[in-house]
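Colleague: Let me begin by handing over the structure; questions about it come next.
Please treat every number below as a calculation from the coordinates, not as lab data. Quick caveat: nothing in here was measured; it's all calculated off a predicted structure. Virtual Cβ from ideal backbone geometry, glycine too; neighbours counted across all protein chains shown.
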């Protein structure tokens with residue numbers, strides 16, 4: 001009987017160690033997996049309706065950027081900006097795409113010449129972003145994620 005009690009006690013002690021060891025290994029695997037994820041890049045770029053979701057990542061990026069810049073170009077051509085002297089400037093628009101597909105303007109990085117020559121340009125950019133057609137959000141490991149983008153707009 002004494003031997004049986006001793007064996008049970010020994011089994012309980014070693015079983016606790018097996019459980020703790022398994023949890024530790026699981027945590028190590030999770031940490032290793034998290035460290036292996038590139039948080040600066042998405043697996044699938046945001047997609048407009050006319051972009052192919054089965055295309056390669058580079059083709060998706062190209063479709064997204066082309067469609068976005070085309071929309072900006074068309075919207076800005078509709079505006080009636082009058083300039084007193086030639087403007088040759090590059091403006092950078094930073095925006096955030098939410099998980100829901102909504103877009104919010106973060107910053108417009110432009111020179112002083114653009115401010116002087118094109119008052120109301122910021123409002124026009126905001127209008128462009130608000131008029132974008134529906135966009136499916138970017139995906140990371142199959143999960144919709146927020147993504148920040150910067151697009152250049154060349155004014156001539």
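Colleague: Using a simple spin-label model with points 7 Å from Cα along the Cα→Cβ vector, what separation in nm is obtained for residue 54 and residue 26?
Modeller: Here the modelled spin labels are 3.8 nm apart.
Colleague: In what order do 97, 65 fall by count of nearby beta-carbon atoms within 10 Å, going from fewest to most?
Modeller: 65, 97
Colleague: How much FRET efficiency would the formula 1/(1 + (r/R0)^6) give for residue 70 and residue 43, where r is the Cβ-Cβ distance and R0 is 25 Å, rounded to 0.05?
Modeller: 0.55
Colleague: OK, next. If I histogram all Cα-Cα distances within the range 47-155 using bins 5 Å wide from 0, what percent of pairs lands in each bin?
Modeller: 2, 11, 21, 24, 17, 11, 8, 4, 2, 0, 0
Colleague: A follow-up question, please. Taking neighbour Cβ counts within 10 Å as the exposure measure, how do 154, 145 sort from fewest upward?
Modeller: The order, fewest Cβ neighbours first, is 154, 145.
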